[in-house]
Amino acid sequence: MPVVMGTAGHIDHGKTSLIKALTGTDCDRLSEEKKRGITIELGFASLDLGGETSLSIVDVPGHEKFVKNMVSGAAGIDFVLLVIAADEGVMPQTREHLEICTLLGIDKGIVALTKVDMVDEEWLELVQEDLREFLEPSFLAEAPVIPVSSHTGAGLDKLKAELKSFVSGFAPKRRTDLARLPIDRVFTMKGHGTVVTGTLVSGQLSVGEEVMIYPEMQSTKVRSLQSHGESVEHAPAGRRTAVNLHGLEVDEISRGDVLGKPETLFLSMVWDVELTCLPSSPRSLKHRKEIHFHHGSREVLAKVYFPDREKLSPGEKAVCQVRFERPMTGVYGDRVVIRSFSPLRTIAGGSIINPQGRKVKRFSDGVRMIEALIGAEPEDLTLTQLELAGTSGLSFAELGIMTNVASKQLEKMLQSLSGKQKVYLFDKDSRQFIHGGVFENLASRFLEYLSEYHKKEPMKPGVSRSEAASSWGRAIPSRLFHFMVERLVKKGDIVSEQDMLHLPGHRVSLASDQQKLREKLVGIYEEGGMTPPNLKDVLESLDLTFKEASGVYKLLQDEGILVRIKEDMYFAKSAVDGLKMILEDYFSQNEELGPQDFKELVGLSRKFSIPLLEYMDREKFTIRVGDKRRLRKQG
């Protein structure tokens, strides 16, 4: 597994000179850097430590104005080489760089005490004593301190030996199979086109595969790959990687963009972050404060919101929401750094706990749920993220960025959780999951809805799926609604009959007057047979309006007793069935039926014959050809 080392330290303490002395690579690649004698941009080199041991090196700028580049470089490194000049000792950027390393989760390193050829032994001893005192409260308290001189070569072999020993026993960061390369350089190479570089923080890239630039969502292909000047077919995680892209111009890509696989990263305007305000910060970080926000290789303006307090004091740690002006893409556990406007200095940092944050009401129970994400084990983390997502659920790919768990492990874990009914896969096509508790609550609410519906509409046998989906289920994914209904039907909690849904114990219930009306209407239409009275006459004979009788009419249709032929014409179902038998017998001996043939066949006037013929067409019992009808072949 490749190991990445980053340098840190104050301006002009000899970081770049030391890397050149170790590797032969001059990391000052810009003419302005050569002229000014300081590193402005990130520099990169590789150190062969013998055998199969090699080290990727990121040389970062030390000048205060270029700290944002230091944050970009530190984002992908495994350990730090803190460089301190013997003639000056600990300086402001030494402190800030070390604080940034701590905020970015870097907890291992080596210290190089440079320019020892410029001081005497007595001074060197004093500097080393001061250095140990400075390092005591940090993660470098027990780190080896190697005195070196890039000018004379003193101590370089010892430093190389220490690096080799350090790397050989080093366990690099756990990296998932989610391919991500935060872009820190974009340029054109003659004969090749657009090239982007960065540290591949996780996953793998291969020549020829499709990739995407986030957040612009621009699709492209990998034309070629290089790692430390060597062409490769595959680039593993942890290496400095140059990617030659197909079909994109330099001005279409920006430093800070992220290169990844299509449909594997997701954009958001809100992140939930566990944030620590540095003890050295000169002031508290206040709610709604505008800040410089650093993540990967991107620096943006953002605002920080505290859901449970008005400010974060120096040394304190809390959950916050960072809200952006443009979409960002991140992954659970990514480290972030916050710098203040005035004075421009590092004041806080932490890690993403939800890269798909949702605005939460201040001082509410929702804050406790977000806090439960901090340091959670993969299974608990998955369940909490799904619970926070509610009825929207999360796709397998979304869970990948919200847990930072490798896909095979995530797959196995979700299968186990599904088996325990702690999660449900409700959409197999998009691999969409929902939390078990959220789903059971949703199903319970739907049963309550049906119960209330039956009370409100006692004469209806139930509610149609389409009506339930468009009214009660309009706020949830349609696939989730249908998945829920099928599970409830399978369990016997609800009954589905001819697309109507109802509770198992539900029976149509009529009041005594409605029951009498039902019996009267059945008698009227059964007696009317093929020549039923029109609707107006029926209502007048009963001294009712249609509004008063409509419920019973609808019930008789649902029960299959009445058939609505047209707006104001109803027939008994038995009469319609009898007519169909007459027509089937006719068509067994004749190919076509004209309007006159029909009138003579059934002995009906035009008042009834035309609506009945049109009804038979609508029901696809007959098919009209010109002014004739034919029997439609069934099946």
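The values are calculated or read from the model by the stated rules, or taken from the named source; none is laboratory data. Please read all numbers here as calculations on a predicted model, not as lab measurements. Heads up, the Cβs are rebuilt from the backbone with ideal geometry, glycines too, and the neighbour counts pull from every protein chain shown. Heads up: the accessible areas ignore ligands, DNA and RNA and are worked out on the full protein's heavy atoms, side chains in. Shrake-Rupley method; radii C 1.70, N 1.55, O 1.52, S 1.80 Å.
Okay, here's what the table says:
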{"quantity": "Single match in Val250, Val337 (criterion: closer than 30 Å to His192 by Cα, among the hydrophobic types (A, V, I, L, M, F, W, C) and more than 19 Å from the chain's Cα centre (by Cα))", "calculated": "Val250"}
{"quantity": "Flag for Ser254 being over 30 Å from Ile353 (Cβ atoms) and surrounded by fewer than 19 Cβ atoms within 10 Å (Cβ to Cβ)", "calculated": "no"}
{"quantity": "Filtered residues of the stretch 485-541 (kept if over 48 Å from the mean Cα position of the chain (by Cα), open to solvent by less than 50 Å² (accessible area, probe 1.4 Å) and over 28 Å from Met581 (Cβ atoms))", "calculated": "Leu510, Ala511, Leu517, Leu539"}
{"quantity": "So Leu425, is it open to solvent by 50 Å² or more (accessible area, probe 1.4 Å), modelled with pLDDT of 95 or more, within 21 Å of Leu394 (Cβ to Cβ) and aliphatic (A, V, I, L, M)", "calculated": "yes"}
{"quantity": "Filter pass, Leu480 being closer than 25 Å to Glu263 by Cα and open to solvent by 50 Å² or more (accessible area, probe 1.4 Å)", "calculated": "no"}
{"quantity": "Selected residue [charged (D, E, K, R), under 30 Å from Ala179 (Cβ atoms) and out of contact with any His (no Cβ under 7 Å at 6 or more places or on another chain)] from Lys491, Lys408, Lys456, Lys460", "calculated": "Lys408"}
{"quantity": "The stretch 285-300 - residue that is part of a loop (DSSP other than H, G, I, E, B) and either under 19 Å from Thr102 (Cβ atoms) or of a type in the set (Lys, Arg) (or both) and, of those, least open to solvent (accessible area, probe 1.4 Å)", "calculated": "Gly296"}
{"quantity": "Test: Val489 is in a helix (DSSP H, G or I), touching a Leu at 6+ places or on another chain (Cβ under 9 Å) and either β-branched (Val, Ile, Thr) or modelled with pLDDT of 90 or more (or both)", "calculated": "yes"}
{"quantity": "Residue within the stretch 577-595 that is free of Cβ contacts under 8 Å to residues at least 40 places away in the same chain, of a type outside the set (Val, Ile, Thr), part of a helix (DSSP H, G or I) and touching a helix residue (DSSP H, G or I) at 6+ places or on another chain (Cβ under 9 Å) present", "calculated": "yes"}
{"quantity": "Qualifying positions in the stretch 402-416 - in contact with a strand residue (DSSP E or B) (Cβ under 8 Å, 6 or more places away or on another chain) and either under 18 Å from Gln321 (Cα atoms) or exposed (fewer than 15 other Cβ atoms within 10 Å of the Cβ) (or both)", "calculated": "Met402"}
{"quantity": "Filter pass, Leu163 being touching a residue at least 40 places away in the same chain (Cβ under 8 Å), of a type in the set (A, V, I, L, M, F, W, C), surrounded by 16 or more Cβ atoms within 10 Å (Cβ to Cβ) and part of a loop (DSSP other than H, G, I, E, B)", "calculated": "no"}
